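Everything below concerns the one structure shown next.
Only the coordinates and a few stated rules stand behind these numbers; no lab work does. Just so it is clear, the model here is predicted, and its values are computed rather than measured. Glycine also receives a Cβ, built like all others from the backbone with ideal geometry; neighbour counts cover every protein chain displayed.
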Amino acid sequence: MKRSPLARKTPLRRSRIRPKARAPMKRSRLRRANPERLARLRREQFGPEAEWLMTLPCCTCGALAPSTPSHVKSRGSGGLRHEQIPQCWRCHSELEQVGVRLYALAKGLDLVAMASEYATGFEMLPASDRAMYTVKMEERIKRIAGRSNAANEGGE
């Protein structure tokens, strides 16, 4: 069915009201990153165990230290800081891309058992060594907080 275009009987009138000019929005002076919050999260999510794991070789391919601590169960789904394994950056990125289950199946590893072994290994360390890794963790947190403060001051 063919339709003809609609025709107005009366033309539209121009509005006499003009929109008001808006003032530019004020920018808030919020910090990009809260250093205290970042430090607290680093302590909760990684802990001194991560500092110890960084000194170990990769548990997957055997690459020499420094290694990256990898959470076997993600922190968002209830993973704990004790459920970590040392991995080189290549194995770590592969684990993140593929996922923990598929990675474990492909490599033929029981990552949960390995993480529990590393956790008991850290607990078996002498108290002086555990304290040393706690100090290293605090130093790393201060460095990270210093970088985020410098970035916040430079961005204002």
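For the chain, list the cysteines whose Cβ sits under 4.7 Å from no other cysteine Cβ?
Isolated Cys, the chain: Cys59, Cys61, Cys91.
Hey, what did the chain get for relative contact order, percent, Cα under 8 Å, at least 6 apart?
Once normalised by length, the contact order is 25 percent.
Using a 10 Å cut-off on Cβ atoms, rank the peptides 96-105, 79-88, 2-11 from the highest mean neighbour count down.
Going by the mean number of other Cβ atoms within 10 Å, highest first, we get 79-88, 96-105, 2-11.
Just checking my list (i) 9, 17, 14, 13, 11, 10, 9, 7, 5, 3, 0; (ii) 9, 27, 35, 21, 6, 2, 1, 0; (iii) 9, 26, 23, 12, 6, 6, 9, 7, 2, 0 against P(r) over Cα pairs in 10 Å bins from 0, in percent computed from this structure; which label fits?
Answer label, from the structure shown: (iii).
Would you list which lysines come within 23 Å of Lys107, measuring only between C-alpha atoms, while excluding same-chain residues fewer than 8 positions from it?
Lys73
Setting aside same-chain residues fewer than 8 positions from Lys142, which aspartates and glutamates have a Cα under 13 Å from its Cα?
In chain and number order, the partners are Glu36.
Does region 47-136 classify as rounded, prolate or oblate by the C-alpha gyration tensor (a ≥ b ≥ c root eigenvalues; a/c under 1.5 gives rounded; else a/b over b/c gives prolate, otherwise oblate)?
Verdict is prolate for region 47-136.
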